[in-house]
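The next block holds one structure in the form of structure tokens; read it before the comments.
The values are calculated or read from the model by the stated rules, or taken from the named source; none is laboratory data. This is a predicted model, so every value here is computed, not measured. When we count neighbours, we look across all protein chains shown, and the Cβ atoms used for this are built from the backbone with ideal geometry, even at glycine.
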């Protein structure tokens, strides 16, 4: 049963630069079928939430640049539910915008905020966890986050430490949020058993997150609070255009969740990956006998092992003697790099920008 | 001074498969500017010979398939000088065709046979060597070959062993021709000092090579001898179309030179490479500080050493963590393979043919 006060805001404004050269500023990762499933990531995310949230209550928060792409990829979404940020300002202003907007629309709105571009394999477990979360936040002044039970000492994720005693079935109070750790620390986190991966999926009533903005980001609160009357009216765009340049660039984690007292977590397992890098795509793709993950046609490998190969067209790709590499070929760009070096792709892009210019980003 | 009886036949029928994916059956290596000099290999070869051979005496022997490409790339060449073989039959029938044809045209014709797709850096030394060769063959019943003084134990070339006593200035009698050796044998050849690389550049009077055909390949001689009257007439094509299917597929080296008694060699140095492989292109290209040879724009390398990179368009190519690789990117094919494995490219192409089909060859 879909409850009328339940909402989801799907965050779709990122540029997915670590998935270059497939993910591009003009058409980033969330709008692509990275794993060859037949759906783009945002389409999968939309369909996943549409199982338990009314379509009228699904909102996409993105840039004006991507408005038409969203409309084209999600024809079942009401166009008024595409909420466009005038500029990229990290997650706190983005969460504030959609929360104040929904609060004005529905004072009892109970909201999930989730990224558009994550992979979730077990939709049933995910739905169950979300419903459990929404039921908890409906009744409690709680800022709730979904934490992923970790299965390896991943250094690409932030971690959440939680109290060992549950406050309600499978819901725990959060002790601390941590930044991405180094490998040694990540190993310690895993073996301690009280750390989870921070998936960046949040659940709360809009009135409660607004209370938190008022307390922890009072300047941002003042800006959005003053614009409440303009929300969901023709004047909304004008008001937001004025507010955004004045907002600080800060994440919701750093700005509020790390400071608030009423933060809870549900330790979860639903086959999640943030699909942040080619390496995480590699982990989630089927491998051949030599542990190569190949997405694309006409790829022929000799003496090659544990590579991630992605080809977006009919081109023939012949690889020999490669081990642990990422090979991604598109119409206008080719990336060949060691898999363990993928975190450096952003630096490489800076180099491309310096040497060649913006057009390949 | 250009002598009226001196001719050159530039052999341009090969498909250069080891230069895949740049060299393709439809447009092989000899018609490409592999090293980025501003001229295709056949244009360079033509210009080199035009310095000391009358243009009217320069002949291109190729396939019908490439006739229009030759005409387009060599506008100064008389069109009647493009001699087309009806099928690929190795070098002996090719040499026979042009030799019997020129003998019919000019009984005193003194002919150089040379591949279209080799690299020669020192045109002055090359011209000097050729003139010396032509002067010798003009006066002697000699089958002369240009041997290259080797500077490394290359296993990709055949070798020529020669007598240590000159018969005439810098001209020596050949003892033996050898097949491509293994590395140990190649090292022995180099240290012995009496071996040269077989460059496949031959000089002789047509009447003398015809005498050799009569003696060592009598069946082939009979075929071409019977067609003499048709040569250089409208009936030539018809006669050749009948002869070719009856010719054995044999090289001029194996069919005649290894058996004949009157074979001579000039030990030469004119910056020669057969440009048979990407590795030989690597040797002949300028390297960057990390010994990478890069032909193409928009190529960015990180932590990469001793690679041969070739890009045929404006695509951005970002490589990291590669050492001793060949990376060649074209519109419809990408090759990444270890440099020391390039001799296997023919096997890879067979695999592509089996798995994907002919269109990428």
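One table, with the values for the structure above:
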| read-out | value |
| --- | --- |
| Residue match in region A:297-315 (condition: in contact with a helix residue (DSSP H, G or I) (Cβ under 8 Å, 6 or more places away or on another chain), surrounded by 23 or more Cβ atoms within 10 Å (Cβ to Cβ) and facing another protein chain (nearest Cβ under 7 Å)) | no |
| Counted residues, region A:286-310 - those being assigned to a loop (DSSP other than H, G, I, E, B) and over 19 Å from residue B:325 (Cβ atoms) | 8 |
| Residue tally, condition closer than 23 Å to residue B:272 by Cβ, surrounded by 20 or more Cβ atoms within 10 Å (Cβ to Cβ) and at pLDDT 95 or above, over region B:99-135 | 12 |
| Some residue of region A:70-79 being over 25 Å from residue A:213 (Cβ atoms), surrounded by 24 or more Cβ atoms within 10 Å (Cβ to Cβ) and under 17 Å from the mean Cα position of the chain (by Cα) | yes |
| Members of region A:344-358 found to be assigned to a helix (DSSP H, G or I) and facing another protein chain (nearest Cβ under 9 Å), listed by number | A:344, A:345, A:347, A:348, A:349, A:351, A:352, A:355 |
| Matching residues, region A:316-326, being more than 7 Å from chain B (Cβ to nearest Cβ) and closer than 17 Å to residue A:298 by Cα | A:326 |
| Index of the failed condition, residue B:328 passing every other in (1) touching a strand residue (DSSP E or B) at 6+ places or on another chain (Cβ under 9 Å); (2) closer than 24 Å to residue B:200 by Cβ | (2) |
| Test set (1) under 21 Å from the mean Cα position of the chain (by Cα); (2) closer than 19 Å to residue B:256 by Cβ; (3) outside any strand (DSSP E or B) - residue B:103 fails condition number | (1) |
| Residue list for region B:255-267, restricted to those being in contact with a helix residue (DSSP H, G or I) (Cβ under 7 Å, 6 or more places away or on another chain) and either assigned to a helix (DSSP H, G or I) or under 19 Å from residue B:100 (Cβ atoms) (or both) | B:255, B:256, B:260 |
| Region B:316-332, residues that are surrounded by fewer than 21 Cβ atoms within 10 Å (Cβ to Cβ) and either under 15 Å from residue B:24 (Cβ atoms) or touching a residue at least 40 places away in the same chain (Cβ under 8 Å) (or both) | B:330, B:331, B:332 |
| Breaking point among (1) within 14 Å of chain B (Cβ to nearest Cβ); (2) in contact with a strand residue (DSSP E or B) (Cβ under 7 Å, 6 or more places away or on another chain), for residue A:265 | (1) |
| Region A:331-343, subset more than 7 Å from chain B (Cβ to nearest Cβ) and under 24 Å from the mean Cα position of the chain (by Cα), residue farthest from residue A:19 (Cα to Cα) | A:340 |
| Positions within region A:230-247 being within 29 Å of residue A:140 (Cα to Cα) and without any contact (Cβ under 8 Å) to a residue 60 or more places away in the chain, in sequence order | A:230 |
| Residue match in region B:274-287 (condition: more than 14 Å from chain A (Cβ to nearest Cβ), over 18 Å from residue B:342 (Cα atoms) and under 29 Å from the mean Cα position of the chain (by Cα)) | yes |
| Any hit, region B:61-73, residues being touching a helix residue (DSSP H, G or I) at 6+ places or on another chain (Cβ under 8 Å) and without any contact (Cβ under 8 Å) to a residue 24 or more places away in the chain | yes |
| Every residue from region A:1-48 that is within 19 Å of residue A:83 (Cα to Cα) and assigned to a loop (DSSP other than H, G, I, E, B) | A:5, A:12, A:13, A:14, A:15, A:25, A:26, A:28 |
| Residue list for region B:3-19, restricted to those being within 27 Å of residue B:33 (Cβ to Cβ) and out of contact with any strand residue (DSSP E or B) (no Cβ under 7 Å at 6 or more places or on another chain) | B:14, B:15, B:16, B:17, B:18, B:19 |
| Helices (runs of 4 or more DSSP H) contained in region B:178-254 and holding at least 2 residues buried (at least 17 other Cβ atoms within 10 Å of the Cβ) and touching a helix residue (DSSP H, G or I) at 6+ places or on another chain (Cβ under 7 Å) | B:206-216, B:218-226, B:236-243 |
| Residue in region A:248-255 that is modelled with pLDDT under 95 and over 22 Å from the mean Cα position of the chain (by Cα) present | no |
| Checking residue B:361 against (1) free of Cβ contacts under 8 Å to residues at least 24 places away in the same chain; (2) more than 8 Å from chain A (Cβ to nearest Cβ), the condition it does not meet | (1) |
| Check on residue A:264, over 27 Å from residue A:330 (Cβ atoms) and at pLDDT 95 or above | yes |
| Members of region A:146-160 that are surrounded by 14 or more Cβ atoms within 10 Å (Cβ to Cβ) and in contact with a helix residue (DSSP H, G or I) (Cβ under 8 Å, 6 or more places away or on another chain) | A:146, A:150, A:153, A:154, A:155, A:156, A:158, A:159 |
| Region B:156-176, residues that are over 11 Å from residue B:197 (Cβ atoms) and either part of a helix (DSSP H, G or I) or under 21 Å from the mean Cα position of the chain (by Cα) (or both) | B:161, B:174, B:176 |
| Residue check for residue A:53: in a helix (DSSP H, G or I), over 18 Å from residue A:15 (Cβ atoms) and touching a strand residue (DSSP E or B) at 6+ places or on another chain (Cβ under 6 Å) | no |
| Tally of residues being assigned to a strand (DSSP E or B) and within 27 Å of the chain's Cα centre (by Cα) across region B:316-330 | 5 |
